[in-house]
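The structure follows.
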Amino acid sequence: MTNVKTLSKVIAIALLAAGATQATAKETVNSTATVKVQNAFDLAENTGLDFGTLRVTADTGTAKATAVAATVTVKSDGSGTTAANPSGSVLASAQVIAEGSPATYTVTKVAPFSKMVITFPADDSVILSAASAPNETSKFTLSGFEAYVTSGANANTAYDTGTSNLAADVDGTVTFAVGATLNTDKRGTEGAITQYIDGDYTGKYDIIVAY
Amino acid sequence: MRFKRVSIIKLILGSCLLVSPARAAVELEQALDFGTLVMIDNHSVGTISMSMDGDVNFSRHFRVLTQGHAAELTLSQYPSYKMLSIGAAVMQAQTQIASGIGSEQFTLVSVETDGSVVTDSAGMARVFVGGTLQSSGDPSGHYIDTEYQARLLLTIDY
């Protein structure tokens, strides 16, 4: 009889212990989910757009409506600097004395193989002037901006705005060159412009790269 | 004979203590991380999902700069070959940033994990947790470059 009673105690204690285990058998962990946004990337100009050294005259003797311009084009693919003179005009002319070179840019820290879009300045929105020259001195305008992809997933191809083929490499880097056309002044007699002076003509423009 | 009975009682209680959850350990090896993203379009809601295996799927709204990983927990000091029930729930769906203001936020819409896991002979098991994050889809908003965090709760039950 004593043995039976003792066994009952053992079973009761064991059941109590087991019951306590079931009631508290739960662990909870608070944790976080993290995401980092990095929209910014680096766009650096390695070399500026250079039209070289030119002999150039502007059409200063014609009314604005019929004034013509000579042009000098620097191709982004590095194929050289070429001048084009309007046929029949003796006023506007350009000759290349020393070759120019396209601007070059490097994009870094973008997502690997990302396709980027380049936005160029609008035609004639960029004006080049001589710092020391009077306002009536002839200026230049830029037009026809275009680019050539020099590295990345589509290296050595002309940039195509339709397909946005400026694509980064596996490291998130891509380089490209930009060319444009320089136009002589066409403000005509209304602008009372005078011929170019010897010196450096400079202007600022924005090249925008975006995903 | 009396000494023997006391020993049996101690032995049974000892067994119960060994399986007590008070001694089980849950170690968070790494938290759920969706990586580093570029937000290229917020005109509609974008989603990025991290599977328990660490596979990432994302909509056209994102580019992935660095890949993240699923959350990983190590469970130890559980009974051998014991089935544990695993639960994961979103505690705070809207993300927050350190600076607190000035940015659109993401929403942690779901988390996923295996419903159960069986411990090995040493009483250990590993648990992975994935999830899905949504962008706001508000084109007037702006995601600043920073780290965003949501909170989740994991439970281990048996």
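Given the alpha-carbon gyration tensor of the protein assembly as shown, what are the semi-axes of its equivalent ellipsoid in whole angstrom, ordered largest first, with each equal to the square root of 5 times an eigenvalue? Don't skip to the end; give the middle numbers.
Numbers: eigenvalues 1203, 59, 37 Å².
Here the semi-axes work out to 78, 17, 14 Å.
Which of A:ILE197, B:ILE97 has the fewest other C-beta atoms within 10 Å, and how do the rest follow up to the most? Working shown, then result.
Numbers: A:ILE197 12, B:ILE97 18.
Final ranking by Cβ density, sparse to dense: A:ILE197, B:ILE97.
Percentage of Cα-Cα pair distances in region A:42-210 greater than 29 Å, rounded to whole percent?
Details: 3815 of 14196 pairs.
That fraction is 27 percent.
Given all pairs of different Cα atoms, what value in angstroms does the Kirkwood hydrodynamic radius of region A:50-136 take?
On the way: mean 1/r = 0.0628 Å⁻¹.
Result for region A:50-136 stands at 15.9 Å.
Something else about it: Which pairs break 26 Å Cα to Cα here: A:LYS109/A:LYS139; A:LYS115/A:LYS186; A:LYS75/A:LYS204; A:LYS36/B:LYS82; A:LYS115/A:LYS139?
Details: A:LYS109/A:LYS139 38 Å; A:LYS115/A:LYS186 38 Å; A:LYS75/A:LYS204 19 Å; A:LYS36/B:LYS82 38 Å; A:LYS115/A:LYS139 36 Å.
Violating the 26 Å limit, Cα to Cα: A:LYS109/A:LYS139; A:LYS115/A:LYS186; A:LYS36/B:LYS82; A:LYS115/A:LYS139.
Which far-off residues, 5 or more places away or on another chain, put their amide H under 5 Å from the one on A:VAL126, with H placed in the peptide plane?
Residues meeting the amide H criterion: A:LEU142.
Also, I was wondering about something else. Could you work out the mean projected area of the convex hull around the alpha carbons of region B:22-157, in square nanometres to one decimal? Working shown, then result.
Numbers: hull surface 34.3 nm².
Projected area, direction-averaged: 8.6 nm².
Take region B:58-125, drop everything but the C-alpha atoms, weight them equally and run the Debye formula without solvent; then report log10 I(q)/I(0) at 0.20, 0.21, 0.22, 0.25 Å⁻¹ to two decimals.
Here log10 of I(q) over I(0) equals -0.96, -1.00, -1.04, -1.17.
Go ahead and run the numbers for FRET between A:THR119 and B:ASP55, Cβ-Cβ distance against an R0 of 56 Å, rounding to 0.05.
Working: r = 35 Å, r/R0 = 0.63.
It comes out at approximately 0.95.
Across peptide A:189-200, what mean number of C-beta atoms from other chains lies inside 10 Å of a residue's C-beta? Don't skip to the answer; put the middle values down first.
Numbers: counts 0, 0, 0, 0, 0, 0, 0, 0, 0, 0, 0, 0.
Mean shielding count: 0.
Let me confirm one metric for peptide B:32-38, namely the mean number of other chain beta-carbon atoms within 10 Å of its residues' beta-carbons. Intermediate results must be reported in sequence, preceding the final value.
On the way: counts 5, 5, 4, 3, 6, 6, 11.
The shielding value for this peptide is 6.
Specify which residue in the list A:THR28, B:THR132, B:GLY35 is farthest towards the positive end of the charge dipole of the protein assembly as shown, using unit charges on the beta carbon of Lys, Arg (+1) and Asp, Glu (-1), about the Cα centre.
A:THR28
Between A:ASP160 and B:ASP157, with labels modelled 7 Å along Cα→Cβ, what's the label distance in nm to one decimal, could you check?
5.8 nm
Using the Karplus equation 6.51 cos²θ - 1.76 cosθ + 1.60 (θ = phi - 60°), what ³J(HN,Hα) coupling, rounded to whole Hz, does each residue of region A:35-43 give in order, writing x for Gly and Pro?
Residue by residue, region A:35-43 yields 9, 10, 9, 9, 7, 6, 9, 9, 10 Hz.
Positive end of the charge dipole of chain A (Lys, Arg +1 and Asp, Glu -1 on Cβ, about the Cα centre): tell me which of A:ALA83, A:ALA130, A:GLN38 has its Cα farthest that way.
In chain A, that residue is A:GLN38.
Next question. When the Karplus curve 6.51 cos²θ - 1.76 cosθ + 1.60 is applied with θ = phi - 60°, which whole-Hz ³J(HN,Hα) does each residue of region A:123-133 get, with x for Gly and Pro?
So the Karplus estimates, Gly and Pro as x, are 4, 6, 7, 9, 10, 10, 9, 8, 4, 9, 8 Hz.
FYI, it's all coordinate maths here, none of it is from the lab. Not measured: the values here are computed from a predicted model. With ideal geometry, Cβ positions are generated from the backbone for all residues, glycine too; neighbour counts draw on all protein chains shown.
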